[in-house]
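Enquirer: The structure under discussion is supplied below as structure tokens; questions concerning it will follow.
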Amino acid sequence: MKKVKLILVTVLFTALVFNTSCKREGCTDADATNYDEKAKEDDGSCTYKAGLVIWWNQSFSEDWLDDGCNTVKVYFDGTLIDSKAISTYWPNMTSCSGGINKQFDLGKLKTKTVKVKLLFEGEDEDGEWTDEEEETLTLNAKDKCLIYQWEY
């Protein structure tokens with residue numbers, strides 16, 4: 001009888017160990033920065049990032065130069081990210097590390113709306129001037145990076 005109880009306890013213990021190890025918790029979303037491929041059950045811990053690249057081509061640059069612009073300042077959500085001579089341009093953009101770029105920590109959200117502002121500064125016969133353009137862009141963690149061409 002003691003042997004039967006011992007075998008039964010051993011079998012139950014072994015089954016319990018194997019059963020709980022099959023339910024490894026963690027982040028099961030492959031788009032997350034902390035994805036755990038061994039996790040079988042999502043525990044709500046997933047976190048996300050997404051990048052934003054702003055760029056313009058030679059034509060855009062030349063049009064603003066013709067208007068007397070010499071500098072462009074780029075703001076994301078009201079924070080100055082970069083300042084460039086307007087003569088700076090990129091022939092094309094396929095990389096998330098080119099242009100004017102920033103990585104955003106999205107926390108547990110998969111999307112984020114970013115307000116982008118370009119502030120142009122120049123000088124003409126009337127003196128110094130500024131002009132600005134704004135766009136609202138939506139980043140998505142699934143895409144990893146939004147590459148946006150600013151056009152005149």
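Enquirer: Which is the longest part of the chain that has none of the GluC sites (Glu not before Pro) sitting in a DSSP loop with at most 16 other Cβ atoms within 10 Å?
Expert: Result, exposed sites excluded: 38-124.
Enquirer: Same structure again: Need the list of lysines near LYS49 for cross-linking: C-alpha distance under 18 angstrom, and skip anything on the same chain fewer than eight residues off.
Expert: LYS102, LYS108, LYS110, LYS112, LYS115, LYS142, LYS144
Enquirer: In 10 Å bins starting at 0, how do the alpha-carbon pair distances of the chain split up by percent?
Expert: Taking all Cα pairs of the chain, the binned fractions are 10, 27, 20, 14, 10, 7, 5, 4, 2, 1, 0 percent.
Enquirer: Rounded to the nearest 20 Debye, what is the dipole magnitude of the stretch 48-149 about its Cα centre when Lys and Arg each give +1 and Asp and Glu each give -1 at the C-beta?
Expert: Here the stretch 48-149 has a charge dipole of around 1420 debye.
Enquirer: How far apart, in nanometres, would the label points at ASP31 and ASP82 be if each is projected 7 angstrom from Cα along the Cα-to-Cβ direction?
Expert: Distance between label points: 2.6 nm.
Quick note: the coordinates plus some simple rules give every number you see, no bench work behind them. Here the structure is a predicted model, which is why all the values come from computation and not from measurement. Here the Cβ is made from the backbone with ideal geometry for all residues, glycine too, and neighbour counts use every protein chain on show.
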